[in-house]
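Novice: The structure under discussion is supplied below as structure tokens; questions concerning it will follow.
The values are calculated or read from the model by the stated rules, or taken from the named source; none is laboratory data. Since this is a predicted model, take the numbers as computed values, not measurements. When we count neighbours, we look across all protein chains shown, and the Cβ atoms used for this are built from the backbone with ideal geometry, even at glycine. To get the accessible areas, we keep the full protein, side chains included, count just its heavy atoms, and leave off ligands, DNA and RNA. Shrake-Rupley method; radii C 1.70, N 1.55, O 1.52, S 1.80 Å.
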Amino acid sequence: MNGPGNPRDGDQHRPPVSYGQNPPGYGQSAGTPVRPRNGFGIAALILGLLALLLCWTIVGGLVFGILALIFGLLGRARAKRGEATNGGVSLAGVVLGIIGLLLTIGLVAVGASLLNSPAGQNYEQCVQQSGRDPAKMQQCFSEFGNQVGRR
């Protein structure tokens, strides 16, 4: 019986094709191998990590989180089409980007609620009356911390 890898066919250097694998040369044009396009997945992972690490800066968490989400979804789409081999890395980037975004949104909500509380309003008034004197501003911050700690 003739088939791939059969020496009688003059095909002794070509290994047999097993089930689930593409035959040699599949996806190639003019004899050049097609390399996986994994850039979106790698970018998503890096941006997701940055979003997580910089979520406290608000802008860093939002920008990097949104970019990680976009690049991760593009990477997943490439992986589903068979153009990339790192679908899991893309998914990890999406998850980290979403976590970074959620942490950023949570920090903004907590900050806004603290500044709109009576302690926050007292802090703003104290800072305005301090005349930008560093010692007085430090005292305002200490009083704010004590008021928030008593809550």
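Novice: Going by the conditions given, is GLY149 part of a helix (DSSP H, G or I) and at pLDDT below 95?
Specialist: Spelling it out, GLY149 is indeed part of a helix (DSSP H, G or I) and at pLDDT below 95.
Novice: Quick one: VAL127 ticks every box in (1) at pLDDT below 95; (2) open to solvent by 30 Å² or more (accessible area, probe 1.4 Å) bar one, so which box is it?
Specialist: Result: VAL127 fails condition (2) only.
Novice: Could you check the stretch 90-116 and list, in sequence order, the residues that are open to solvent by 50 Å² or more (accessible area, probe 1.4 Å), without any contact (Cβ under 8 Å) to a residue 12 or more places away in the chain and under 30 Å from LEU74 (Cβ atoms)?
Specialist: Matches in the stretch 90-116: LEU102, ILE105, ALA109.
Novice: If you don't mind, there's one more thing I want to ask. When you look at ALA119, is it within 30 Å of ARG150 (Cα to Cα), touching a residue at least 12 places away in the same chain (Cβ under 8 Å) and open to solvent by less than 50 Å² (accessible area, probe 1.4 Å), yes or no? Before the answer, list the steps.
Specialist: Details: within 30 Å of ARG150 (Cα to Cα): yes; touching a residue at least 12 places away in the same chain (Cβ under 8 Å): yes; open to solvent by less than 50 Å² (accessible area, probe 1.4 Å): yes.
Yes: the conditions hold for ALA119.
Novice: Something else: Please work out which residue is modelled with the lowest pLDDT, limiting yourself to the stretch 3-62 and to residues that are of a type in the set (Phe, Trp, Tyr) and either over 21 Å from LEU96 (Cβ atoms) or open to solvent by 90 Å² or more (accessible area, probe 1.4 Å) (or both).
Specialist: Here the answer is TYR26.
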